[in-house]
Every structure is written in C-alpha cells, then in structure tokens.
Amino acid sequence: MPSSANASSSISRKFVWLAGAIVAGVLLWTTGWYFFATKIEDHLPATLTELAGPGASAECTNAEVRGYPFRVGLFCDNLSYTNSVEGISAAAGAFRSAAQVYSPQHAVAEIDGPLVVDATGLVLRADWQLMQASIQAVSDGLDRGSIDARTASINIDGAGLTQRLSLQADRITAHARRNGTDLDIAAYGENLKNGLIAGLSTKAFAFEATLSGQSGLLQMPFTPLHGPFDAVLHRVAIEFDEASSLELAGPVQVSADGQISGNLELTISNLQQFSRLASDFNPDIAGLLSRFGPMIAALDTKPGDDATTLPLTIRNNQVSLGFIPLGKLPSF
C-alpha cells in the first residue's frame, strides 16, 4: 500500500508541475505577444514616415494590432498617402493583414475600395468586390508582392484627357519582384470591358516586363518611378476571342521627360478576323487595315505561320507600323 500511495503522489506532483509549466508558458507567450503588438503600434507612425519618404506622409487610421495567439496583423479603418513634392495623393478603404508569428516577414492582407489617386489633376478611381495582397518583406523593404482583385473597375479622368477612360474586369492580378538590381513586373486581366472603344471587350490581357535598375521601387523609402530608364516588354498580349489576339514585345527606353522610344514586334493572330473585329468598334482602324492590307502583309517578318509579325517603332512617343504612322502616345 505505501508504495502505491507514493506512486500516486509522484504522478500528482508531475501533473502539477506540467500544469504549472503550461500556465507559465501561456502567460509568457501572452505577455510577449502583447508586448510585440504594442511595439508595432508605437512604432507605426515612424515606420509609415520612413516608408513614405521625404516630402510625403502616410496614415493608417485607428491602427490596431490583432491576431492573438498565433498570428499578428495590422488593422486600420482606411489608408492614405500624400506626396506634396510629386503632387500625388491617394486614399483607400479599410486594411486588414495577418502573418504567422513564426514567419512575420510573409504577410497577407485585404484592402477595401475605393482607391482614389490624384496625380497633378489626373484622377484615378478604382473599386473592387474583393482585393487580397501578399508580400514578402526583407530588411530594407519588400522582396516581392502580389495583388488579386475580383470584379474590379477603373476610371481615369482629368483635364489632360479628351475622354474619360474606364475599364471593368472579372479579375485583375498584379505582381512585382526584385531581380538583382532590376524589377520584374506583371499584370493579368480576365474578361475586360472598356468605355473608350464601344463594343470592344477582351477575353484576357497580359503584361510582363523588366525595368532595368529599378529594384529600388520596392525599397524604403518609397520613391515614384521617373526616367530615364530602360525596360524590356517580354509580353504585352490582348486576346479578343479564341481566334484573334495582339501581342507586343521588345526593348523600350523612357527619357527623363517621359518620352518613350523603342523597336518592338507586333504579332497579330488571324489578321482577317482582327480586321472584322476592328470594323465593329472603330471604322477608322478598319479602313486603315483595308487600305494598307497588302503592304501590312508584306511587312510580315515571320512569314509562313498563322500570325502576322510586324515592326512597331516608337520615337519620342510617335508610333508607326513600318512606314505607316499610327499616332502619338501620352508622356509617361
């Protein structure tokens, strides 16, 4: 009997020690989590100032850190950014983020619309049903980031535009990552409709490019993109339907005053079908294609396939297809 009583007493003591260790661990974890959360909230104004850079400010209204016990995330009622030097202001809705405690450098977030950006009189307004973001942070900023917006709309208006630009899409995704000193960027859209060219809709859109020497755009503090710089358009594609599409690729240069130059290749899949589509939404383009059709075919740099590949030249924003002038691009 005594040996049985001693064994029971020993088990009880072990249980008490285990329970005490668990309680102590929970208290220590809780204290550490709330200490860390308080530090984030206390240092947030200074962090936002550093992110915004000289002459700019950023605000996360009513900021609060949540996620206890195993996550940590920043919540705020709305976001805003103002850069008086560049004449840029931006504001968006509520912001919610989350990261695992053991991997705080990788965070996911949701942002509520609308987003309104005013850049020296040019106003962009974007809204969406759902927007999610993912970032991978490093010591001096971001290494990469992605945005995924569902049921999105974008409107651009301003004194310098003759017509408001509008775009709606079932889904838009955008990605950016450092590639050494360069910056890789990409954007994709599904089922796009626009208000600029009546009747024109696209099944899919893709934009993939590398900006030489511009990895600093993901570093702190943030600095807006300015020329001069070089870029490579790996793929700019518009898929109108199953049979017709446009694809653009090649190097471009942006000057200090925002003028664009480059020698590109424009590939048109099913030129006849594209001509028929063009006649539906823009008779002028259809007439141009009809008038110069034989000459355009003669410019094909890769004959023998189903597509027509043409040289597209840009000189200080002036665009020409071979010897055929197409118009002028707005300054970057």
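The values are calculated or read from the model by the stated rules, or taken from the named source; none is laboratory data. Here the structure is a predicted model, which means the values were calculated and not measured. Note: ideal-geometry Cβ built from the backbone for every residue, glycine included; neighbour counts use all protein chains shown. These area figures cover heavy atoms from the full protein model, side chains too; ligands, DNA and RNA do not enter into them. Shrake-Rupley method; radii C 1.70, N 1.55, O 1.52, S 1.80 Å.
Say we look at the range 226-248 and pick out the residues that are at pLDDT 90 or above, over 25 Å from LEU271 (Cα atoms) and of a type outside the set (A, V, I, L, M, F, W, C); which of these is surrounded by the most Cβ atoms within 10 Å (Cβ to Cβ)?
ASP230
Within the range 119-136, how many residues turn out to be of a type outside the set (S, T, N, Q), open to solvent by 60 Å² or more (accessible area, probe 1.4 Å) and more than 24 Å from GLN219 (Cβ to Cβ)?
Result for the range 119-136: 3.
Filter the range 285-320 down to residues that are of a type in the set (D, E, K, R) and either assigned to a loop (DSSP other than H, G, I, E, B) or modelled with pLDDT under 65 (or both), then give me how many there are.
4
With the structure loaded, tell me whether GLU208 is surrounded by fewer than 17 Cβ atoms within 10 Å (Cβ to Cβ) and within 30 Å of ASP305 (Cβ to Cβ) or whether it fails that test.
For GLU208, the condition - surrounded by fewer than 17 Cβ atoms within 10 Å (Cβ to Cβ) and within 30 Å of ASP305 (Cβ to Cβ) - is not met.
Here are the criteria: (1) open to solvent by less than 40 Å² (accessible area, probe 1.4 Å); (2) under 20 Å from ARG144 (Cβ atoms); (3) at pLDDT below 90. Tell me which single one THR202 does not satisfy.
Here THR202 clears every test but (2).
Need pairs with beta-carbon distance below 6 Å; first residue farther than 12 Å from ALA90 by Cα and within the range 109-133, second open to solvent by 60 Å² or more (accessible area, probe 1.4 Å) and not in a strand (DSSP E or B); sequence gap 6+ or separate chains.
Final answer for the pair search is GLY121/ALA159.
I'm trying to understand the selection: among the residues of the range 82-109, which are within 21 Å of ASN155 (Cα to Cα), outside any loop (DSSP other than H, G, I, E, B) and open to solvent by less than 60 Å² (accessible area, probe 1.4 Å)?
ILE88, SER89, ALA90, ALA91, ALA92
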